[in-house]
1. Could you tell me which residue of segment 172-195 is nearest to Leu117 (Cα to Cα), considering only residues that are open to solvent by 30 Å² or more (accessible area, probe 1.4 Å) and among the hydroxyl-bearing types (Ser, Thr, Tyr)?
2. Let me spell it out: the conditions are (1) open to solvent by 60 Å² or more (accessible area, probe 1.4 Å); (2) polar (S, T, N, Q); (3) in contact with a strand residue (DSSP E or B) (Cβ under 6 Å, 6 or more places away or on another chain), and Ser49 meets all of them except one. Which number is the exception?
3. What residue, among those in segment 54-85 that are in contact with a Pro (Cβ under 8 Å, 6 or more places away or on another chain) and modelled with pLDDT of 90 or more, is surrounded by the fewest Cβ atoms within 10 Å (Cβ to Cβ)?
4. Would you please name the residue that is most open to solvent (accessible area, probe 1.4 Å), looking only at residues in segment 109-135 that are in contact (Cβ under 8 Å) with a residue 40 or more places away in the chain, in contact with a Ser or Thr (Cβ under 7 Å, 6 or more places away or on another chain) and part of a loop (DSSP other than H, G, I, E, B)?
5. Give just the number: which of (1) assigned to a loop (DSSP other than H, G, I, E, B); (2) in contact with a Phe, Trp or Tyr (Cβ under 9 Å, 6 or more places away or on another chain); (3) open to solvent by less than 60 Å² (accessible area, probe 1.4 Å) does Glu106 not satisfy?
6. Check Lys48 against each of (1) touching a residue at least 24 places away in the same chain (Cβ under 8 Å); (2) under 18 Å from Lys94 (Cβ atoms) and name the one condition it does not meet.
7. So, in segment 136-166, of the ones that are open to solvent by 80 Å² or more (accessible area, probe 1.4 Å) and acidic (Asp, Glu), which residue ends up farthest from the chain's Cα centre (by Cα)?
8. What number goes with the only condition from (1) part of a loop (DSSP other than H, G, I, E, B); (2) surrounded by fewer than 16 Cβ atoms within 10 Å (Cβ to Cβ); (3) touching a His at 6+ places or on another chain (Cβ under 9 Å) that Gly169 does not pass?
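The values are calculated or read from the model by the stated rules, or taken from the named source; none is laboratory data. Source: prediction; values computed, not measured. Neighbour counts run over all protein chains shown; Cβ positions are idealised from the backbone, glycine included. Heads up: the accessible areas ignore ligands, DNA and RNA and are worked out on the full protein's heavy atoms, side chains in. Shrake-Rupley method; radii C 1.70, N 1.55, O 1.52, S 1.80 Å.
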Amino acid sequence: GGDRPLGTPIEDLVIYELNVRSFTAHPSSGVSHPGTYAGLIEKIPYLKSLGVNCVELMPVFDFDEFENSRRNEETGELLVNHWGYSTVSFFAPKAGFAASGADGGEVNELKWLIKSLHENGIEVILDVVFNHTAEGNENGPTISFRGIDNKTFYILTPEGYYYNFTGTGNTFNSNHPAVIGFIIDSLRYWATEYH
């Protein structure tokens with residue numbers, strides 16, 4: 001559809017950092033699809049009224065929202081990883097942020113959001129996480145990298161434990177050429193496919 005990043009000089013950006021889910025989750029947001037990419041589209045006029053010309057979306061890569069979940073002691077409500085800093089897939093948008101449901105609707109909805117922001121003169125920056133993954137330390141789940149090539153994708157101690165320079169249980173080995181290639185492929189994918 002002719003969409004592309006706007007190319008606004010960085011010194012001219014008025015950036016609003018937001019979490020897709022929390023930005024419109026509360027009923028006071030007045031949107032039809034709270035907590036979703038579609039709900040955020042409905043708030044574009046509000047962002048423009050603030051003079052915002054760039055949104056920085058907190059992580060939209062698919063992440064494990066149930067990592068370290070627990071119950072609110074007062075209400076019993078399940079508390080989940082809300083922020084998205086526990087990546088599971090570096091090539092897929094968070095399906096739970098889509099109003100359109102299953103079957104890949106999140107791909108089209110996120111692309112629609114970004115195109116709508118661009119049409120309204122608003123740049124998009126993605127907050128991405130490449131320093132660790134949702135696999136955690138040696139006690140964490142095996143989701144992908146640990147099972148593919150643990151010694152390549154993570155920085156390990158001589159005994160085989162995970163160096164935890166990130167405070168999240170593991171550190172992605174971005175010094176290794178294969179991991180560097182993976183990160184570049186992911187960045188290229190998001191820039192090419194989502195703009």
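1. For segment 172-195, the residue satisfying everything is Thr192.
2. Of (1) open to solvent by 60 Å² or more (accessible area, probe 1.4 Å); (2) polar (S, T, N, Q); (3) in contact with a strand residue (DSSP E or B) (Cβ under 6 Å, 6 or more places away or on another chain), only one is false for Ser49: (3).
3. Restricting to residues being in contact with a Pro (Cβ under 8 Å, 6 or more places away or on another chain) and modelled with pLDDT of 90 or more, the top hit is Asp62.
4. Asn131
5. Against the list (1) assigned to a loop (DSSP other than H, G, I, E, B); (2) in contact with a Phe, Trp or Tyr (Cβ under 9 Å, 6 or more places away or on another chain); (3) open to solvent by less than 60 Å² (accessible area, probe 1.4 Å), Glu106 comes up short only on (1).
6. Here Lys48 meets the rest and fails (2).
7. Glu159
8. That leaves (2) as the condition not met.
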